[in-house]
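First up is the structure itself, then whatever we jot down about it.
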């Protein structure tokens, strides 16, 4: 047997959002797990500790006898935890309001092979960073094995993000390709086609670390001629779900889960719209 043991502690609260925006306490939790098994938990309703295993009984009896500990635990769950939950909800709602839709550019660039051409699809200016970009041929989504290369999601200098994918193909096949952009946070789902007369363009504007690379935007010419489309849409934030939760996992583990549109994240936030899960990375000292 190993001499290393793991103690996990999880505490949190569940609140019901009222029509006026206030929170009503529903239930709280304060529980301990030892080497992967439930060990001890606090019954907030009855103000007693629950021991699911015999090894925890001595601790249960001791803690049940400390009235100050029980009152403190109950008070924290019903008051302090609810204050944190309210603050996190406000941060989450602010994050949803700051959604920015992507601008999309499809263009071609020269290949080293005379008979080939490189198709480029770029989405930029979007927030948050989660986005789906697909290059398709006759409706089939191309993968890395098909030669698709991606820059991955990169930051812009205005706190938005960008991503560019490209694939090299035969010039004769250009009309069979399209690029689809899905940005769920801003309700964007659009698909652009490459055309036979797509001009060659260069779009550079990446920010990597603190280095800003600025290039000539030949794509602007394509945009003005109508070859490249730009797309924008006002964001209509949804009301948040009626239920929100905050669980803070301490000590040795960090976990994220999604329970029927209720977001839970370690020492982080939680509140969601009807369509989005918003996780705010905010480490706190509970």
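Some observations on this one:
- Cα centroid separation, region 147-196 to region 7-74 (Å): 49
- Ranked packing of 152-161, 61-70, most packed first, by mean Cβ within 10 Å: 152-161, 61-70
- Chain lengthening between residue 150 and residue 136 when straightened (0.36 nm per residue, less Cα-Cα): 3.6 nm
- Dimensionless Rg over Rh [region 77-188; C-alpha; Kirkwood]: 1.19
- Placing R0 at 51 angstrom, the Cβ-Cβ distance between residue 54 and residue 115 gives a FRET efficiency of 0.10 after rounding to 0.05.
- Region 1-141, relative contact order in percent, only Cα pairs under 8 angstrom and at least six apart counted: 15
- Multiplying the residue separation of residue 168 and residue 38 by 0.36 nm and subtracting their alpha-carbon distance yields 41.3 nm.
- Spin-label model, residue 191/residue 3: points 7 Å from Cα along the beta carbon direction are separated by 6.3 nm.
- Size of region 44-94 as Cα extents on the principal axes (Å, biggest first): 46, 22, 15
- Footprinting exposure proxy ranking of 31, 122, 82, fewest other C-beta atoms within 10 angstrom first, gives 31, 82, 122.
- Once the C-beta distance of residue 22 and residue 66 is scaled by a Förster radius of 41 Å, the resulting FRET efficiency is 0.80 to the nearest 0.05.
Any read-out appearing in this document is the output of simple, stated calculations on the displayed coordinates, not a laboratory observation. Just so it is clear, the model here is predicted, and its values are computed rather than measured. No Cβ is skipped: glycine too gets one built from the backbone with ideal geometry, and neighbour counts run over all protein chains shown.
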